[in-house]
Structures are given as structure tokens and as C-alpha cells.
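Working notes, structure below.
Values in this text are rule-based calculations from the coordinates and carry no lab data. As the structure is a computational prediction, the values presented were derived from the model and not from experiment. Neighbour counts run over all protein chains shown; Cβ positions are idealised from the backbone, glycine included.
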Amino acid sequence: MKQTLMFRSSKNISFLLLIFAFNHLSAQNEKVSVDKAMDVLDTFMESFNSRDMESWSETLNYPHVRFSAGKVTVWNTKEDYAAVNIFDRLEATGWHHSAWVSRDPILVSKNKVHISTVFQRYDKNNKPIEKYQSLYIVTKEKDHWGVKARSSLAP
């Protein structure tokens, strides 16, 4: 009877170790995903503030979707996105640059991260203009991490 108990105990320990290892690997994968997604958002904001449409378009995955101002816009290719110039309209509002206020991952998997964000727009004197909540979905596609979709309350 003791041998059976030892076997069961040994089996239970092995099972628990397997669960621990799986959970540890999942946590590591999630950390890698979050780190990659945050890097993408850093580059997204840097290229946006530098007004470099080509670099900015590299931070996205396509088709790329944006929900804003009551409409849905889809860009099918990087070239479609890079051809758009939004900076004249933004500058007309007094905008000079933007910055992340907060970025909180709310859903994480190996190849996708949903991030609840708040960003702030500033004028040339670094005076805040407006603050907006948004949701960014960052995905890994064909070994490229990029923003796949975003939804914000910004116009």
C-alpha cells in the first residue's frame, strides 16, 4: 500500500511540476508579447511625433483598422497608409506632439496584446491640449509586431 501511495504522490508531484512549468512558460510568453507590444507603441509615438509617415506606417500591421469620430477607416497596405497626411489638420488645432499618459495591457496572448491607453496632445510650448482614451490591438503577423487596430475617442 505504501508503494502505491508513493507512486501516486510521485505522479501528483510530476503533474504539479508540469503545471508549474506550463504556467511559467505562459507567463514568459506573455511578458515577451507585452514587451514587444510596448516597443511598437514607443516607435509608433516617436514616428508619429516626427511626422514621418513612412516610419509610422512600418509600426502597423495590415489591413489596419481605426475606429474614430464615428467612422471606421481601413488601410489595406503600408503604401495606402503612408500616402495619407494628417499632420496639417492636427497642426491647425495647435498640436505639436503627443505622449502616452498610460498604457495598460488588458488582454495578452502569444501573438496579440490589447492595450488600454491614454494619450495627451500638446502644443509647441508643451501645454496640454486634450487627453484621449484609446484601445490599441497589437499583433504579431509574419514575425512582425505592429498595431493592427485602434479605437479612440480622439477626432
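Overview of values
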| read-out | value |
| --- | --- |
| Residue match in segment 89-96 (condition: in contact with a strand residue (DSSP E or B) (Cβ under 8 Å, 6 or more places away or on another chain), surrounded by fewer than 18 Cβ atoms within 10 Å (Cβ to Cβ) and within 28 Å of Glu30 (Cα to Cα)) | no |
| Within segment 41-88, tally of residues that are touching a strand residue (DSSP E or B) at 6+ places or on another chain (Cβ under 9 Å) and of a type in the set (Asp, Glu) | 3 |
| Residue within segment 62-84 that is over 20 Å from Pro155 (Cβ atoms), part of a strand (DSSP E or B) and not basic (Lys, Arg) present | yes |
| All positions within segment 31-78 that are in contact (Cβ under 8 Å) with a residue 12 or more places away in the chain, more than 18 Å from Tyr132 (Cβ to Cβ) and more than 18 Å from the chain's Cα centre (by Cα) | Arg51, Met53, Glu54, Asn76, Thr77 |
| Strands (runs of 3 or more DSSP E) (entirely within segment 98-155) containing at least 2 residues that are under 12 Å from the mean Cα position of the chain (by Cα) and basic (Lys, Arg) | 144-152 |
| Failed item in (1) out of contact with any Ser or Thr (no Cβ under 6 Å at 6 or more places or on another chain); (2) touching a residue at least 60 places away in the same chain (Cβ under 8 Å), with Lys127 passing the rest | (2) |
| Pairs where the first residue, in segment 95-119, is in contact (Cβ under 8 Å) with a residue 60 or more places away in the chain and the second is in a loop (DSSP other than H, G, I, E, B) and of a type outside the set (Lys, Arg), C-beta under 9 Å, 6+ apart | Phe119/Ala154 |
| Which numbered condition Val84 fails, given (1) touching a Pro at 6+ places or on another chain (Cβ under 8 Å); (2) among the hydrophobic types (A, V, I, L, M, F, W, C); (3) surrounded by fewer than 17 Cβ atoms within 10 Å (Cβ to Cβ) | (1) |
